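See structure below.
Every number in this text was worked out from the coordinates using simple rules, so none of it is lab data. Worth saying up front: this structure is predicted, and the values here are computed from it rather than measured. FYI the Cβ positions are ideal-geometry reconstructions off the backbone, even for glycines, and counts take in every protein chain you see.
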Amino acid sequence: MFFNDAFKSGRSDESPLESLPKSKGAIRALTASRKMFQPDYRKEQQDVLYSNRLQKDKAYNGGLNGDELPENVPQHNPADYEKVFENSNNAAIVIGRDRPGSLSSGYGNTGATGAGAIYLKAGMAFPPKSKGVEEIYAENNFKTDAAGVYISQMTDIDNNYELAHGTISLRAKSGIGIKADGVRIIARENIKLVTGPFIKEQNSLGGKNITYYGVDIIAGNDDSNLQPMPLGDNLKECLEELFNMVSVLATMLDHTIQAQEQFENTLVSHVHTGTSPSPTLPTALGIKTGKMTNNVNTKLPDWKNYLAEMRNKYLETNATKPIRSLHNRCN
């Protein structure tokens, strides 16, 4: 068995085959070595791969250019009511009743009708159940199946995947779950996430009074700090009003300073009949005027300019850091 570090990463932009012997057998052997010694494999998966005679005997005899590749993989453990379509490389389509786990799980195994289900899965769960030397069986397992799409006419979709409930949780209704290491939804033009109700439409149980909810986006499966999304246009209007109020406040402060200075100048020059001007008042006025000049008068224009720059930076159509998305919307 060959070992080659370049085969362990699995990155699509790497081409380690180009530097290897060109014989078909050598390429297959090295490819199999990456498969069997993936560092991310769980211990029980590696044990099964090492101990399986079929994999050891035939790992080098297939898999390249469309050839068959024997793998030590489990088969789906079927219920009597299920139709199973599977291949020899750990991919299956299971058509039956609601069964998110073992044979005893789900509404389909409580005698409930109206609980049809389809499960498309790849990379069935380990550790498997053994029914013989080479026969290995696995149940549905949303935690450990590598990737899957589960569709059920009636199920507890949130509980099936152990999801934080947030503000939305469905029980005993139709549901679709998609789970893998990474999920990508790609549209060439646009994507919509839409909740009901829709005109003259019932839910899956025939209910006509459909209560619609929004969309919860929960990172880390933790809903302890779930908060409402801001609405960009309303937020912009709110901040516009706030900017305007701050700007008005700056103008009021400017007018107050001018009025105060005019009053103080008048006060300094005012003399009562038979008395002389206060000897300390001009000095106090000079000290106060100096502080106002250094701390307020010269900085007030800069503050007004900063408010204008903030508005242009965040609120305007051509803002450099707009608070509103140019593409995405919510309600």
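Of note:
- Lys/Arg +1, Asp/Glu -1 at C-beta; the stretch 196-315 dipole; positive extreme among PRO228, ASN294, THR251: ASN294
- In the stretch 73-228, Rg over Rh equals 1.00, where Rg is the alpha-carbon radius of gyration and Rh the Kirkwood radius from pairwise Cα distances.
- Here r is the Cβ-Cβ distance between GLU201 and ASN305 and R0 is 56 Å; the resulting FRET efficiency, rounded to 0.05, is 0.55.
- Taking label points 7 Å from Cα along the Cα-to-Cβ direction, LEU103 and ARG324 give a separation of 6.0 nm.
- Long-range amide H partners of ASP156 with built H, under 5 Å: ALA172
- Relative frequency of Cα-Cα separations exceeding 16 Å in the stretch 232-314, percent: 64 percent
- Report note on the peptides 256-263, 195-202: ranked by the mean count of other C-beta atoms within 10 Å, highest first, their order is 256-263, 195-202.
- Close amide H partners of ARG97, meaning residues 5 or more places away or on another chain with modelled amide H under 5 Å apart, are ALA117.
- 20 Å Cα-Cα threshold exceeded, pairs from LYS121/LYS143; LYS291/LYS313; LYS83/LYS173: LYS291/LYS313; LYS83/LYS173
- Charge context of THR110, other residues only, Cβ under 11 angstrom, K/R +1, D/E -1: +1
- Inter-label distance, nm, simple model (7 Å from Cα along the C-beta direction), GLU316/ALA187: 3.2 nm
- Segment GLU240-ALA146, extension gain: residue separation times 0.36 nm, minus the distance between their alpha carbons: 28.9 nm
- 3J(HN,Hα) along the stretch 301-317, derived from phi through the Karplus expression 6.51 cos²θ - 1.76 cosθ + 1.60 where θ = phi - 60°, amounts to x, 5, 5, 5, 5, 5, 4, 5, 5, 4, 4, 5, 6, 10, 9, 6, 4 Hz, with x in place of Gly and Pro.
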